[in-house]
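J.: Just dropping this structure here.
A short reminder: the numbers here are calculations on the coordinates, not readings from a lab. Quantities reported herein were computed from a predicted structural model and do not represent experimental measurements. Note that we place each Cβ from the backbone using ideal geometry, even for glycine, and neighbour counts take in every protein chain shown.
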Amino acid sequence: MNDQPTKHDIYTRLSHAGRAGTHVHGFVNPPVHRGSTVLVENVAMRADAGNHRLEQYMIYGVCGGPTHYALENVVAEIEGGTRCQIVSSGLAAVTTPLLAYLKTGDHCLMPDSVYGPARGFANGMMKGFGIETTFYDPCIDGAGLAALMQPNTKVLYLESPGSHTFEVQDVPALATVAHAHGAKVLMDNTWGIYHFQPFQHGVDVSIQALTKYVVGHSDVLLGSIVTNSDEDWEIVRTASLALGQYASPDDCWLALRGARTMAVRMERQFASSIEVARWLAGRPEVKQVLHPALPGAPGHEVWARDFTGGCSLFGVVFQPGFSNEAIGAMINSLELFGIGASWGGFESLALPSNISINRTAGTGDFGGPVVRYHVGLEAPGDLIADLEQSLGVLRSNSLEKTQLD
């Protein structure tokens, strides 16, 4: 539980949160606590622990332990919430609160740009449970959202910026509409991390894939669900326990270690991503760069209003003359960018988004093929050189190459 007022800069907070403190004798990092069975002194103590649903009493391993609690405190601290539930993956962090707040006969609003597996969950298991989902234009305004609200709308789901195409949502305006209609606001805040403070903008439940920047080394799967009220915490915690959601304490310990250097890594990677994005924006092969922090990019004004910084993931729309085959050859030629899902680690990645974009609200046409880039900790000059040679491959595989040379 995080109930301490914010007094220090994020760099200081990440260095000290979830630790015993500087005046406690012992090792700097908290130990790993593993176990399933938790012993208590007597039967009365066991009964008392089981009745305190809002407190993190240790009654069984799946309920968490000191290593889990330390990480939960760190994540709640950086997002400005009071309580956090650690779960097994980023997708589990999406599905657990959806199941917590929705039941048969309910209606959910989800942005058309949402993370693919979240969309699949809505169209699959949620639909099977009798829960209806409407996918809406992520750039919708408050009046447009109000028109989509139904008497049974219980959840407004947000993801800002959106997966692969980075639409920035007007979270305060949309949250105001949702609350006026009695709906809860759930938001995937993985891109914003601590640069977007969800609870200051009307969000009730914040979702993150800790797999990304918190872990930072592409070797652990974890998710987090943060709330800012005891009511929401009890709903999320109850659902998580009912679903048997659990994360390894060893993975939690690795995430704690990653969190200590996250701000430094993100600062470097964000700066490098802007340098790379600006270079790409000046290339004739590129139609548009989808990086919210880049002036002139879609959503930049809302990003500048609501965010204090950004991360290293962005999209690029290439000119419409390039085929998917030419885009594939370009990506295959990259030497410093791996081809793979996920992001937030130390390594750079490139992935064609056309194979991942699945839209039903008329928001999927970007005027050309889209590629998602993640910028790692490599020198930006080296990354740009690699991208430059890959664009040569793109041109050589294109029917439109003579117009671009």
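J.: How big is the charge dipole of the chain about its Cα centre, in debye rounded to the nearest 20, if each Lys and Arg gets +1 on its Cβ and each Asp and Glu gets -1 on its Cβ?
T.: Computed charge dipole of the chain: roughly 400 debye.
J.: Would you list which lysines come within 20 Å of LYS103, measuring only between C-alpha atoms, while excluding same-chain residues fewer than 8 positions from it?
T.: Excluding near neighbours in sequence, the set is LYS127, LYS154, LYS184.
J.: Report, for the range 10-258, the % of DSSP beta bridges that are antiparallel, rounded to 5.
T.: Taking every DSSP beta bridge with both residues in the range 10-258, the antiparallel ones total about 40 percent.
J.: Please order HIS68, HIS33, HIS291 by the number of other Cβ within 10 Å, starting at the fewest.
T.: In increasing order of surrounding Cβ atoms, one gets HIS33, HIS68, HIS291.
J.: Write down the percent of antiparallel bridges among all DSSP beta bridges whose residues are both part of the range 131-270, to the nearest 5. Kindly include the intermediate steps, with their values, before the conclusion.
T.: Numbers: 5 of 13 bridges.
Beta bridges within the range 131-270, antiparallel portion: roughly 40 percent.
J.: State, as an integer percentage, the relative contact order of the range 262-404 based on alpha-carbon contacts under 8 Å between residues 6 or more apart.
T.: Working: 233 pairs, mean separation 40.9, N = 143.
It rounds to 29 percent for the range 262-404.
J.: How high is the relative contact order of the chain? Use alpha-carbon pairs under 8 Å, at least six apart in sequence, and give a whole percent.
T.: Across the chain, relative contact order equals 17 percent.
J.: Next question, about the same structure. If neighbour count is taken as other Cβ atoms inside 10 Å, put VAL370, VAL205 in order from fewest to most.
T.: Least crowded to most crowded, the residues run VAL370, VAL205.
J.: State the answer as a single residue: which of HIS217, ASN354, THR133 lies farthest towards the positive end of the charge dipole of the chain, with beta carbon charges of +1 for Lys and Arg and -1 for Asp and Glu, about the Cα centre.
T.: Of the options given, the answer is HIS217.
J.: Can you give the local net charge around LEU313? Use residues other than it whose beta-carbon is closer than 10 angstrom to its beta-carbon, Lys and Arg +1, Asp and Glu -1.
T.: +2
J.: Between the alpha-carbon centers of the range 334-360 and the range 202-233, tell me the distance in whole angstrom.
T.: 21 Å
J.: Run the helix sum for the chain: -39,500 (n - 2.57) per DSSP H stretch of 4+ residues, divided by residue count, reported at 222 nm to the nearest 500 deg cm²/dmol.
T.: Taken over the chain, the calculation gives -11500 deg cm²/dmol.
J.: Helix by helix through the chain, keep the DSSP H runs that span 15 Å or more along the axis on Cα and average at least -0.5 on Kyte-Doolittle, and give those back in order.
T.: Those that clear 15 Å and a mean of -0.5 are 66-79, 90-101, 230-242, 249-281, 380-396.
J.: Taking the mean number of other Cβ atoms within 10 Å as a proxy for protection, how do you rank 330-337, 207-214, 94-101 from highest to lowest?
T.: The most tightly packed comes first, giving 207-214, 94-101, 330-337.
J.: While we're on this one: Report, largest value first, the span of the C-alpha coordinates of the chain along each principal axis, in whole Å.
T.: Projected onto the principal axes, the Cα atoms of the chain cover 81, 54, 35 Å.
J.: Over the Cα atoms of the range 330-404, what radius of gyration and what Dmax do you get, in Å?
T.: 14.0, 39
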